[in-house]
Amino acid sequence: MLNISNKPLFLLIFFSAFLSTHSALAVDTILVNGKIITVDDRFTIVQALAIKNQRIVAAGSSGEIRKLADSGTTVIDLQGRTVIPGLIDNHSHWIRAAEHDELRFDGVTSRAQALQMLATRARMAKPGEWVSVLGGWSEEQFTDAPRGFPLAELDSIAPDTPVAVQSIYNHVYLNSAGLRAAKIDETTPNPPNGTIEKDASGKLTGVVRGAGGVAFVAGKVPKLEAEARAINARKLVTYLNSLGITAWGDAGGRGMTAGHYEPYRQLADKGELNVRVFWTTIRQPATPEQVDKVLAEIPALKPFQGNDYFDHIGWGESVYSPITTQLLRVQKEVKPDDIAQMVRIASALAQRGIYLNSHVEMNGPIDQFLAAYEDLNKVTPIKALRWSFSHLDQIDDQQLLRMKRLGMTAQIHSRPLIQGVLMHRVHGDKAWDMPPFRRIQDSGILWGLGSDATAVTTSNPFYTLGFAITGKMVGGHHVNRQSITREEALIAHTRSNAFILFQEGNLGSLQKGKYADLLVLDKDYLTIPADNIKDLKPVMTMVGGKIVYKAGQ
Ligand SMILES: [Zn+2]
């Protein structure tokens, strides 16, 4: 039996033998006997792939690809399994998410199970630690009991550990330990734009309502320190790999600091970041004076100084806070003066040739943004900058045409997955077409699918695909009638997003020259019943030809 301690000698012998048998021409890895959906322009399906130096060097039949291997090549027999390109989310807030080691109810459709998960976490919690669920679910997703978490129930499963269960940005359920830790009692004044709920006798119910209330409580939940955050970022990336995510566009978020980016930058610098992150600068000025400050930053801005794992690509998603609409609010228009403030920033970015991704949802404000961009384009052409709008829940045909004329792309998201029922309550029948996937697909504009996770929807891309194809939210309610085909949805969640994130040469399809970012699936994406697409899971995830996740390991 060879003794490992002789490692240096052993390694020397091994390498010379290896080199003699693994010629420079041979490939590193081959995947054979699969149903590989390449998502190339002709949506070709092949049996096998060959990978060398992180990239695909050949695609074809198993027989052809086997010829490229030698004894040093890793051979993965797919045994007929389906493979798709790694799923790219064009718009999420996962960089910020690493600040909390939160519990997630992604795809949990049983309230009893959710309660069990909370109880388990509470039992494992160290002194001073909170159990927090910061959005990403809604009461409607619980098919057994579509309701929240009363104070007494949370107290029974977590008598001493603070618990905060936030539902989207609408309200949050706390237990008594959480109220104590947040220093909330019957005398605590309501936060701005929020309500600390009391019952008829004036006693706290444990519920805090409104966006202001949610922000007030979220501010009380301790954030992880730098070291713990770095560990959590790694854990989060593995979780995302297990869901099928291999790359995302990060749209920043409220309260972001340079410290939020560090864990990912450090992992990338060490070659240990198992996902690709392309982020935009987030600033949320709310007054003309604050716009002045932001404008001072733009001359020095220099995107694209990173690498294919971690790179800064531009600006967004919000530009001027007062014009940031909300999905669960009817809003016909925003103030023209506020649009003018947004244009000050957009114009400065256009002059620097910098990419801008703007959050805009409702029909009226979309018109206002487009009119502003069309005017700006007459002075400083923006057509070549690939600017993008995010969400576009109420976009119409005419507006899509105007976007195309400006060379813009559209980023469309699965927020109705958990907000569908609420959207119908607020917008009535209009909600059936929010967002209008079918209309957008038929317009021919380049558009991509994403989530906008973590607070306003689930993080699971297969839920996003399932929703775009079936119109059903978590829990099964049918809420959207703008369905697209499986092929259209997959292209929108891979190849099109690669273009949106300036990575069309590297990502988005399993073709020669592209990075080997792929998912080996547990079932076949093209033939599984549409309602089960949401339940698809990778058995293996690869990024750059490296296995970053394997089910059961
Ligand atoms: Zn967003």
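The values are calculated or read from the model by the stated rules, or taken from the named source; none is laboratory data. Because the structure is a prediction, the values reported are computed rather than measured. Positions of Cβ are backbone-derived with ideal geometry, glycine not excepted, and every protein chain shown enters the neighbour counts. Heavy atoms of the whole protein, side chains included, go into the accessibility calculation; ligands, DNA and RNA do not. Shrake-Rupley method; radii C 1.70, N 1.55, O 1.52, S 1.80 Å.
Structural remarks
- Within the range 325-367, the set of residues being among the basic types (Lys, Arg) and either more than 16 Å from the ligand (Cβ to nearest atom) or not assigned by TED's automatic domain parsing to the domain that holds THR409 (or both) comprises LYS332, LYS335, ARG344, ARG352.
- Among the residues making up the range 441-454, those that are under 21 Å from the mean Cα position of the chain (by Cα) and either part of a loop (DSSP other than H, G, I, E, B) or surrounded by fewer than 22 Cβ atoms within 10 Å (Cβ to Cβ) (or both) are GLN441, LEU446, SER451, ASP452, ALA453, THR454.
- LEU154, sole failed condition from (1) touching a Phe, Trp or Tyr at 6+ places or on another chain (Cβ under 8 Å); (2) part of a loop (DSSP other than H, G, I, E, B); (3) not acidic (Asp, Glu): (2)
- Yes/no for PRO322 being open to solvent by 10 Å² or more (accessible area, probe 1.4 Å), part of a helix (DSSP H, G or I), away from the ligand (no atom under 16 Å from the Cβ) and not charged (D, E, K, R): yes
- Subset of the range 409-437 that is in contact with a Lys or Arg (Cβ under 8 Å, 6 or more places away or on another chain) and open to solvent by 10 Å² or more (accessible area, probe 1.4 Å) - its residue that is farthest from the ligand (Cβ to nearest atom): TRP432
- Counted residues, the range 34-73 - those being open to solvent by 20 Å² or more (accessible area, probe 1.4 Å) and more than 30 Å from PHE278 (Cα to Cα): 11
- Of everything listed in (1) open to solvent by 10 Å² or more (accessible area, probe 1.4 Å); (2) of a type in the set (A, V, I, L, M, F, W, C); (3) over 24 Å from MET117 (Cα atoms), the single unmet condition for ILE196 is (1).
- No other residue among GLN290, GLN284 is closer than 21 Å to TRP387 by Cα, touching a helix residue (DSSP H, G or I) at 6+ places or on another chain (Cβ under 9 Å), of a type in the set (S, T, N, Q) and surrounded by 14 or more Cβ atoms within 10 Å (Cβ to Cβ) apart from GLN284.
- Complete set of residues in the range 362-408 that are open to solvent by 10 Å² or more (accessible area, probe 1.4 Å), within 22 Å of SER321 (Cα to Cα) and assigned to a helix (DSSP H, G or I): ASN363, GLY364, ASP367, GLN368, ALA371, ALA372, GLU374, ASP375, LEU376
- Condition met for THR205 (free of Cβ contacts under 8 Å to residues at least 60 places away in the same chain and not hydrophobic (A, V, I, L, M, F, W, C)): yes
- Residue in the range 91-109 that is part of a strand (DSSP E or B) and not assigned by TED's automatic domain parsing to the domain that holds LEU392 present: yes
- In the range 460-503, the residues that are part of a loop (DSSP other than H, G, I, E, B) and touching a Ser or Thr at 6+ places or on another chain (Cβ under 9 Å): ASN460, GLY471, MET473, VAL474, GLY475, GLY476, ASN480, SER483, HIS493, THR494
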